[in-house]
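For reference, the structure is listed below as structure tokens.
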Amino acid sequence: MTRSFRLQIGLGALALAAFPLATPAFASFESCAKSVRAQVLKAGIRADIVNAAFKGITFDEKAVRFSRTQPEYRLAIWDYMAFLVDDARLADGAKMLRVHDKTLRAVERAYGVDHFILASLWGVESDYGQEKGIFFLPHALSNVACAGKKPAMFTAELIQALRIVQAGDVKLSDLNGSWAGAFGQTQFMPSTYRRLAVDFDGDGRRDTIRSVPDALASAANFLKKAGWQSGLPWGFEVKVPGSYSGSVGRSRKAPIAAWARQGILRADGKALPRSGSYGLIRPAGPTGPAFLVSRNFDVLFSYNAAEAYALAIGHLADRLRGGGAFKTAWPTDDPGLDRADRKRLQELLIAKGYYRGEADGRIGPLTIVAIKAAQKKAGLKPTGRPGTRILKVLAGN
Ligand code: CA
């Protein structure tokens, strides 16, 4: 259940706007941090590690703000997919499949998890190890615990994080991640790491931060333990007859023959599988793409409790395997932007004086304010959403 915190920040950059933060009571943070420190010592973490972990700790406005941020608008599935399954992630993924072919195949043999799924998950979680998070975990977790959001849980995660250091698996100075504590190439929470991380490169340490084999095998171990069935597809896009009025939902699974009787066909024209139990999902309602999803889709869901997440992992894996885009378009006349176009939008916002930040492709609060201003000027509804329409307006076409 902590996974949803991680998702929020993984995608937060594009969807979230800041709520005004109450003035921090700095003195009370200091006394709270002392109490967290005492709890960590009491849990048996060595004093030298605790001293180093708490050295220079201060109130972190950013971590606290992120922990309190609420989604400004519900992220549309087409925005989510445009961001996660984009040309850059496909190109990077193709490269990573070549560079790490041996490792990916060895992990697949050891855990029975399809190596395209592993590459996809790696790409979504950390952009293939390139983005592991900017927060120093001991400081961020203390801040979030002290800010009042599930203090016991975040303190427990901090203790788990320092146990990882104490075990000699990772260096304290490497312990950077999300404000909520997810870290490394697989973005495991410390407690998840303690349960499921594995040493696959054989150096005696479980290091999902610096070791690609350890990271990929740890993700595979997670999926295997969650019930991944080797050889079972996560699902596939389908065509649903307009007259369909049956059940919808990934948990409402039925034998494939039952779906065939309803007139449901694979969107790519291939034959339906001969067996297996599937549920029908329609993430954008009856007019958007539809999918039959298996138990393995539920396993992906367990990594990060969102159907959109599971769909992004499954679809990116299929694209890396050589498959095409969805056959049915998302039901919108204002499609989402990929990361390159998000940057371009920010560059245009800068050029036209709406935005003074960096064109980094991350849609934070300041970009959202700038988009709203540009939308207002253009006579569009000021939603703050980075979409194709406002991009075209600013680009002058
Ligand atoms: Ca290792």
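A compact table of results
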{"quantity": "Options D214, D203; residue that is surrounded by fewer than 14 Cβ atoms within 10 Å (Cβ to Cβ), within 16 Å of the ligand (Cβ to nearest atom) and outside the structural domain of G177 (by TED's automatic domain parsing)", "calculated": "D203"}
{"quantity": "Subset of region 177-195 (residues that are within 14 Å of the ligand (Cβ to nearest atom) and either touching a Lys or Arg at 6+ places or on another chain (Cβ under 8 Å) or open to solvent by 10 Å² or more (accessible area, probe 1.4 Å) (or both))", "calculated": "G184, Q185, Y193"}
{"quantity": "Residue in region 340-363 that is nearest to W78 (Cα to Cα), counting only those that are among the small types (G, A, S) and open to solvent by 20 Å² or more (accessible area, probe 1.4 Å)", "calculated": "A340"}
{"quantity": "Enumerated helices (runs of 4 or more DSSP H) restricted to region 32-101, each holding at least 1 residues that are under 19 Å from the mean Cα position of the chain (by Cα) and surrounded by 14 or more Cβ atoms within 10 Å (Cβ to Cβ)", "calculated": "61-68, 77-84, 87-99"}
{"quantity": "Residue in region 248-257 that is without any contact (Cβ under 8 Å) to a residue 24 or more places away in the chain and either open to solvent by 80 Å² or more (accessible area, probe 1.4 Å) or under 21 Å from Y80 (Cα atoms) (or both) present", "calculated": "yes"}
{"quantity": "Every residue from region 374-391 that is among the small types (G, A, S), open to solvent by less than 40 Å² (accessible area, probe 1.4 Å) and at negative phi", "calculated": "A374, G387"}
{"quantity": "Pick from region 364-373, criterion in a helix (DSSP H, G or I) and open to solvent by 10 Å² or more (accessible area, probe 1.4 Å), ranking: modelled with the lowest pLDDT", "calculated": "P365"}
{"quantity": "Top-ranked residue in region 121-160 [being open to solvent by less than 10 Å² (accessible area, probe 1.4 Å) and of a type in the set (G, A, S); ranked as farthest from V50 (Cα to Cα)]", "calculated": "G123"}
{"quantity": "Residue in region 28-82 that is farthest from K150 (Cα to Cα), counting only those that are of a type in the set (A, V, I, L, M) and free of Cβ contacts under 8 Å to residues at least 60 places away in the same chain", "calculated": "A47"}
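The values are calculated or read from the model by the stated rules, or taken from the named source; none is laboratory data. Since we're looking at a predicted model, the values are computed, not measured. Please note: Cβ atoms are built from the backbone with ideal geometry, for glycine as well, and neighbour counts cover all protein chains shown. Calculation scope for accessible area: heavy atoms of the full protein, side chains included, ligands and nucleic acids excluded. Shrake-Rupley method; radii C 1.70, N 1.55, O 1.52, S 1.80 Å.
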